[in-house]
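In what follows, a structure is listed as structure tokens, so that the remarks can point back to it.
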Amino acid sequence: MEIPSRYNPRHVEDKWYNYWMERKFFKSVPDSREPYTIVIPPPNVTGVLHMGHMLNNTIQDILVRRARMQGKNACWVPGTDHASIATEARVVAKLKSEGIDKKSLTREEFLGHAWEWRRKHGDIILEQLKKLGASCDWDRTRFTMEDAMSESVIRVFVDLFNKGLIYRGVRMVNWDPQALTAVSDEEVIYREVKSKLYYIRYRISGEEDYVTIATTRPETILGDTAVCVNPADTRYRKLVGKKIYVPLVNRLVPIIEDEYVDMEFGTGCLKITPAHDINDYEIGIKHNLPSIDIFNENGTLSEKAVLFTGIDRFKARDLVVKQLEKEGLLAKTEEYVNKIGYSERTDEVIEPRLSLQWFLRMKQLAGPALENVMNDTITLYPAKFKNSYRNWMENVRDWCISRQLWWGQRIPAYYYGEGQDYVVAESPDKALELVRKKLGMENTQLSDLRQDEDVLDTWFSSWLWPISVFDGIRNPDNPDIKYYYPTNDLITAPEIIFFWVARMIMAGYEYRNEKPFRNVYFTGIVRDTKRRKMSKSLGNSPDPLQLIEKYSADGVRIGMLLCSPAGNDLLFDESLPEQGRNFANKIWNAFRLVKSWQVDPEAKAPQASEMAIIWCYERLKQGVREIEEAFNQYRISEALMIAYKLFWDEFSSWYLEIIKPEYQKPLDKRTYQATIEIFEAMLRILHPFIPFITEEIWHLLKERPQGFSLMYEKTPSIKPVDKEKIKWFEQVKEVVTFIRNTRVEKQISTKEKLILCVKSIDYNDDFDPVIVKLGNLDEIRMISEKVEGAVSYITAYAEFYIPVGDLHDQEGELKKLRDELDYTRGFLESVMQKLSNDKFVSHAPAKVIELENKKKADAETKIRAIEERILSMKK
């Protein structure tokens, strides 16, 4: 077999992904095995692959592939979200570019364009995920607007309405003037911005005096219906009950008092605009104030504003300020920093607005969802997110679930008669039945019913995702939902913990009386090296597909995980996937080296090779155990680093170096077979992280049956580890490094054989053949006295000497020993600080404390030996 000198990832990745797909290796159906289930956080149909997707889906794929190799029936369900606001905006923009105004279309005509757009663009991101190696069951791909999913959403709406949890009413909502729809509290992003605080004079009725009021929004004075002071504020007590004129419009409004007013803000007087501020709205209800809505849906001023009708709110602000100055009513202006709410979808400044909307009562649903996260029935990784989760749940507000759009599940409320009377039903026919039978309106026809124009918030479909992808709403006892639910792990970003995670938990307990998933792993945010969030607008976000093209899918997967612990941000630059590509090349070159050796079936294995095999098996078992522990604690980056170092440092740098035959000489069969076995175990460990190159090498390593795949091989199992073997080999590494450094420092040829003298009462000579080979030694000699005129090295267990005769530099040797002594004392001090820290000792696992105590004992032994050696050299 001719093995290419260079690894060709483009050819390999296409070849093996097609191989896996053709043989349906990702497909899952219920059977007798233990299920392992992940549902993908459905990306928007408007989206293309970005760095956040890369990180999230790499982690999901690692977990799914690992589960398959553990013998579980792994099912990763893919799909996309219809993304009401974003998709409608895209379609409207496309139509506008073609000279078509949305307003000129009927609802059905517009939806025809939207579905066509979805058919053309909706699956792009899923196809891109395949380039990453995502092993989803693509036959299960779902879309939140497909018929079955929409039917589930409508059933849930009807059910919650019948339970009294959904209601319709006029409330203050977050209005997006660009998308022309209400958005939920969770879809508002608050930012600190530099604003101005305007001090405006309001004339008191019947007097020549004024009251000065501070506001950041002078344009809203056109909707003022009161001025409010704190009853404890003695400055204004005499004014309470009097009337005051609203500037510019000369509306006469009362001066009222309420404890809500902050006496320290501005002048202590507050203008009340019930239609355009949530707190003013509450005060308005409490004091029975009128509400004047001065804004149109698009953020321009309405006729009720009286002035500046049709002008955008921010331009109107400037005009109001100019007019106030002109009339002498602007006392002063100050610079001011405040928080402004922006739409998460359009980045438009949110306008608080009174609107007739549909709401879902959340308190009842939040109860079990809060309890089962706080008691760790559902575990969050990292646990720090429990506090923010609890705070949101304990203060949860009703969810505004209606959106003034056409793309989405239409609200199943049907109006009849001349007013606003309605029924809620799963279909027009059922609505008609309700009107006829329950209300006694037998003559009502379908044409007499008018369905609500609004659609449901996109999150109202995706909160059912873990249930609805298995048809658990429509068919609650079907085999899929009973087998795959609850799912195992959810991998998502912390910024949607309230949008999505919390609501899925609520839906899970409401409709299955069971958690939707066992564990939630929060990824960090992918940032650049300046700690800026990656975005197209900043131009700091690389194209993931170009990264794959340049560094390979395996390289990018490793790069995304090299420094991304759960919940912490990933500082990304291209050196990370480059390091991943280099690791893949290292594996390839190690494979080529092993396969290049000729094998002599009659040759006897050298002692050094025998000991290397024994050690490598133990180190492999230790690595498998460490990786398992890291996965169990969802330290996935750490699991990768353990596997990375196991291959690069232990197998490639040490093991292969020990067993490598002399130039143009063959390798014995026993060592070759053991090496192939160890290499294969390494591939099984690495496969979840880097599936392509491991599959390629696994097939080249030895003959495989037709249709087999590494992904269904069992991952190495946990076995007892001989820690003594590993401990003594660590000393071997130190000694070999000492010998090699001595050759460099003393300019001794690597071909010249040396003698190593060992002084110890606790020395294990099992690995001496390894030291002899790697150090090119003539012999290892046990001694009882220190060797004069020798270079020395001291470990916790022995003193090592290399006689170098005239090349010996006593002063240099002393300096080296003093440096080593300083380093070891510093190391001991750091260990002692840990052990003297009560918090560390009381919270750290027993294994960690045991390890620290061992470090302490070893350092103390080494310090004593170095001090003795220095003392002896001074005599």
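The rows are residues; the columns are (1) under 43 Å from the mean Cα position of the chain (by Cα); (2) outside any helix (DSSP H, G or I); (3) surrounded by 19 or more Cβ atoms within 10 Å (Cβ to Cβ).
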{"site": "THR220", "(1), (2), (3)": "yes, no, yes"}
{"site": "ARG235", "(1), (2), (3)": "no, yes, no"}
{"site": "GLY241", "(1), (2), (3)": "no, yes, no"}
{"site": "VAL249", "(1), (2), (3)": "no, yes, no"}
{"site": "HIS276", "(1), (2), (3)": "yes, yes, yes"}
Exercise for the section: Scan the stretch 154-186 for residues that are farther than 22 Å from GLY367 by Cα and open to solvent by less than 50 Å² (accessible area, probe 1.4 Å) and report the count. Expected result: 12
Handout entry: Failed item, numbered, when LYS286 is tested on (1) over 42 Å from the mean Cα position of the chain (by Cα); (2) modelled with pLDDT of 95 or more
Key = (2)
Practice task
For the stretch 74-92, state whether one or more residues are within 30 Å of PHE25 (Cβ to Cβ) and either open to solvent by 30 Å² or more (accessible area, probe 1.4 Å) or of a type in the set (A, V, I, L, M) (or both).
Solution key: yes
Practice task
Pull up the stretch 187-198, narrow it to residues that are open to solvent by less than 20 Å² (accessible area, probe 1.4 Å) and assigned to a strand (DSSP E or B), then point me to the one that is nearest to MET393 (Cα to Cα).
Solution key: VAL188
Practice task
With the condition kept exactly as written, say whether any residue in the stretch 590-612 is among the acidic types (Asp, Glu) and either part of a loop (DSSP other than H, G, I, E, B) or under 18 Å from ILE642 (Cα atoms) (or both).
Solution key: yes
Handout entry: Tally of residues being in contact with a strand residue (DSSP E or B) (Cβ under 8 Å, 6 or more places away or on another chain) and either without any contact (Cβ under 8 Å) to a residue 60 or more places away in the chain or of a type in the set (Gly, Ala, Ser) (or both) across the stretch 127-147
Key = 2
Problem - Condition met for LYS315 (modelled with pLDDT of 95 or more, loosely packed, with under 13 Cβ neighbours inside 10 Å and more than 33 Å from the chain's Cα centre (by Cα)) - result: no
Practice task
Would you check which residues across the stretch 843-871 are under 22 Å from GLU820 (Cα atoms) and small (Gly, Ala, Ser) and list them?
Solution key: ALA857, ALA859, ALA865
Exercise for the section: Have a look at ALA214, ALA148, ALA179 and point out the one that is in a loop (DSSP other than H, G, I, E, B) and among the aliphatic types (A, V, I, L, M). Expected result: ALA179
Problem - Filtered residues of the stretch 665-720 (kept if over 21 Å from ASP61 (Cα atoms), outside any helix (DSSP H, G or I) and among the charged types (D, E, K, R)) - result: LYS665, ASP668, LYS702, GLU703, ARG704, LYS719
Exercise for the section: Report, by residue number, each residue of the stretch 27-41 that is open to solvent by less than 60 Å² (accessible area, probe 1.4 Å) and touching an Asp or Glu at 6+ places or on another chain (Cβ under 7 Å). Expected result: SER28, PRO30, ILE38
Fill in the blank from the handout: Counting only residues that are crowded, with 18+ Cβ neighbours inside 10 Å, at pLDDT 85 or above and not β-branched (Val, Ile, Thr), the stretch 798-814 contains a total of 4
Practice task
Return a yes/no flag: does the stretch 110-129 have any residue that is open to solvent by 70 Å² or more (accessible area, probe 1.4 Å), part of a helix (DSSP H, G or I) and of a type in the set (Gly, Ala, Ser).
Solution key: no
Practice task
Of the conditions (1) surrounded by fewer than 17 Cβ atoms within 10 Å (Cβ to Cβ); (2) closer than 30 Å to CYS400 by Cβ, ARG532 clears all except one; give me its number.
Solution key: (2)
Exercise for the section: Tell me, please, whether a residue that is touching a strand residue (DSSP E or B) at 6+ places or on another chain (Cβ under 6 Å), closer than 24 Å to LYS746 by Cα and small (Gly, Ala, Ser) can be found in the stretch 795-807. Expected result: yes
Problem - the stretch 724-747, subset of a type in the set (Val, Ile, Thr) and either more than 16 Å from TYR793 (Cβ to Cβ) or open to solvent by less than 20 Å² (accessible area, probe 1.4 Å) (or both), residue modelled with the lowest pLDDT - result: THR742
Handout entry: Some residue of the stretch 749-758 being open to solvent by 40 Å² or more (accessible area, probe 1.4 Å), at pLDDT below 95 and part of a helix (DSSP H, G or I)
Key = no
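For every residue, the table says whether it meets (1) open to solvent by 50 Å² or more (accessible area, probe 1.4 Å); (2) at pLDDT 85 or above.
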site	(1), (2)
LEU828	no, yes
VAL831	no, yes
PHE840	yes, no
LYS847	yes, no
LYS855	yes, yes
LYS862	no, no
GLU868	yes, no
SER872	no, no
Practice task
Output the qualifying pairs, or none if there are none: Cβ atoms under 6 angstrom, residues six or more apart or on different chains, first residue in the stretch 363-380 and without any contact (Cβ under 8 Å) to a residue 60 or more places away in the chain, second residue of a type outside the set (Phe, Trp, Tyr).
Solution key: LEU370/MET393
Exercise for the section: Determine whether TYR281 is open to solvent by 10 Å² or more (accessible area, probe 1.4 Å), under 25 Å from GLU325 (Cβ atoms), of a type outside the set (Val, Ile, Thr) and outside any loop (DSSP other than H, G, I, E, B). Expected result: no
Handout entry: Qualifying residue in the stretch 304-324 (condition: small (Gly, Ala, Ser), farther than 17 Å from VAL188 by Cα and assigned to a loop (DSSP other than H, G, I, E, B))
Key = yes
Practice task
Would you tally the residues in the stretch 261-274 being assigned to a loop (DSSP other than H, G, I, E, B) and either modelled with pLDDT of 95 or more or surrounded by 14 or more Cβ atoms within 10 Å (Cβ to Cβ) (or both)?
Solution key: 7
Exercise for the section: Could you figure out which of (1) part of a helix (DSSP H, G or I); (2) open to solvent by 70 Å² or more (accessible area, probe 1.4 Å); (3) of a type in the set (S, T, N, Q); (4) modelled with pLDDT under 95 isn't true of SER637? Expected result: (2)
Problem - 2 or more residues open to solvent by less than 40 Å² (accessible area, probe 1.4 Å) and free of Cβ contacts under 8 Å to residues at least 60 places away in the same chain: qualifying helices (runs of 4 or more DSSP H) within the stretch 400-495 - result: 428-433
Problem - Residue list for the stretch 638-679, restricted to those being under 19 Å from ASN582 (Cβ atoms) and of a type in the set (Val, Ile, Thr) - result: ILE642
Practice task
Scan the stretch 815-826 residue by residue and report those that are at pLDDT 90 or above and open to solvent by less than 90 Å² (accessible area, probe 1.4 Å).
Solution key: THR824, GLY826
Completion exercise
In the stretch 697-716, residues that are touching a residue at least 12 places away in the same chain (Cβ under 8 Å) and either open to solvent by less than 70 Å² (accessible area, probe 1.4 Å) or more than 30 Å from the chain's Cα centre (by Cα) (or both) total 12
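The values are calculated or read from the model by the stated rules, or taken from the named source; none is laboratory data. Remember, it's a predicted structure, so these values are computed and weren't measured experimentally. Here the Cβ is made from the backbone with ideal geometry for all residues, glycine too, and neighbour counts use every protein chain on show. Ligands, DNA and RNA are stripped out before the accessible areas are found, and what is left, the full protein with its side chains, is counted by its heavy atoms. Shrake-Rupley method; radii C 1.70, N 1.55, O 1.52, S 1.80 Å.
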